[in-house]
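Trainee: Structure provided below as structure tokens; questions to follow.
The values are calculated or read from the model by the stated rules, or taken from the named source; none is laboratory data. All of these numbers come straight from a predicted model, not from anything done at the bench. Please note: Cβ atoms are built from the backbone with ideal geometry, for glycine as well, and neighbour counts cover all protein chains shown. What goes into the accessible areas is simple: the full protein's heavy atoms, side chains included, and nothing from ligands, DNA or RNA. Shrake-Rupley method; radii C 1.70, N 1.55, O 1.52, S 1.80 Å.
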Amino acid sequence: QAQLVESGGGLVQPGGSLRLSCVVSGSHFIPYTMHWYRQAPGRQRELVASIPSGEDAYYAQSVKGRFTISRDNARKTLYLQMDGLEPEDTAIYYCKRGWPGPEAWGQGTQVTVTA
């Protein structure tokens, strides 16, 4: 059974950077499309970025130009480089294994952006 474990969250000032990681075990990594989602207090979980295996990445408009999703297939690790962080980016960030399924989620890592 797939296990996804996120790390790298923390407390950062506006304009700062963080790099999230998601290590996958108990599952193949290729050819799954991998995703980063986030959920802020009182809001629905939303898609932040996606990266298929061997295709171009997708970004939500709110993070385009600031966040970069990448994957290391040999290490079975998904990354999210977050630069220019804003208070609105405060949320729990989750990685998800997507197509071709079945879906699998990590437990999340907290990102807090505050002065």
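Trainee: Any chance you could count how many residues in region 1-19 are farther than 19 Å from Q107 by Cβ and either of a type in the set (D, E) or open to solvent by 30 Å² or more (accessible area, probe 1.4 Å) (or both)?
Mentor: Selection size over region 1-19: 4.
Trainee: Would you mention how many residues in region 76-102 are under 30 Å from Q13 (Cβ atoms) and either among the hydrophobic types (A, V, I, L, M, F, W, C) or at pLDDT below 95 (or both)?
Mentor: Total satisfying the criteria: 7.
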